[in-house]
1. For the chain, take the longest principal axis of its alpha carbons; what is the angle in degrees between that and the long axis of helix 82-115, to the nearest 10 within 0 to 90?
2. Separation of segment 59-104 and segment 154-184 by C-alpha centroid, Å?
3. Working from Cα positions, state the angle (0 to 90°, nearest 10) between the long axis of helix 54-71 and the longest principal axis of the chain.
4. Between E128 and T193, with labels modelled 7 Å along Cα→Cβ, what's the label distance in nm to one decimal, could you check?
5. Evaluate the Debye formula for segment 35-154 with equal point scatterers sitting on the alpha carbons, no solvent, and hand back log10 of I(q)/I(0) at q = 0.12, 0.17, 0.19, 0.20 Å⁻¹, in q order, two decimals.
6. Could you tell me which chymotrypsin sites (Phe, Trp or Tyr not before Pro) in segment 92-177 are loop residues by DSSP with no more than 16 other beta carbons within 10 angstrom of their beta carbon?
7. What's the angle, to the nearest 10 degrees (0 to 90), between helix 172-190's Cα axis and the longest principal axis of the chain?
8. Find the relative contact order for segment 92-194 and round it to a whole percent, using C-alpha pairs within less than 8 Å whose residues are 6+ positions apart.
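Bear in mind these aren't lab numbers, they're just calculated from the coordinates by the rules spelled out. None of the values given here were measured: they were computed from a predicted structure. Don't worry about glycine lacking a Cβ; one is built from the backbone with ideal geometry, like all the others, and counts go over all protein chains shown.
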Amino acid sequence: MTQPLRFGGADAGGPRLEEVMERVGHGDKDAFTILYDAVAAMVFGIAVKVVRDRAQAEEVAQEVMIDLWRQAARYRPGQGSVTTWVATIAHRRAVDRVRSAQAASNREYADAVRDLPRPFDVVAEEVEMRLDSERVRRCLRGLTELQRQAVTLAYYQGLTYREVAETLRSPLATIKTRMRDGLIRLRDCMGVTT
């Protein structure tokens, strides 16, 4: 029969948390009570700081304590202290809760937006944008290969003149000329007046 545990910390002559954790790993409920008393406040504090909702933090703290009971045998003293291990589990669980809540909120918002009736103008605007996109693609095909590369890198990939020049391994002045000539040809093809 094992002797009853009373945690007083190593300085008070009681078992260290590492020893308590080992006993929890073997299913010792009394040791778990000691572990709970030693780390519950820290776990709850971490959860409150991350989740920022007391009720959610209480749920997270409960889940963490259940995880500690289930995973106690996985604790390895050589990899860090018990409090560090517990704090890591608590932080990860709290972050998971925040991410889960955010994902649920995003889904609800997307569902609500999807259910809104779409005004006729929105559909017409989308059709017009698609036609404009097709016109731009057709006009881009009318440029020389060098002009098309320079314009595409600048406008579709957001590169600066200097970055386009480095990417295409061409002098900066050459790139500026290609882009100017290409934009003039695009303007003319699109029927834009200045």
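1. That helix lies at roughly 40 degrees to the long axis.
2. Centre-to-centre (Cα) distance: 51 Å.
3. 70 degrees
4. With each label placed 7 Å out from Cα toward Cβ, I get 1.9 nm.
5. -0.65, -0.89, -1.02, -1.07
6. Qualifying residues, ordered by number: Y156.
7. 70 degrees
8. Values: 41 pairs, mean separation 25.9, N = 103.
That works out to 25 percent.
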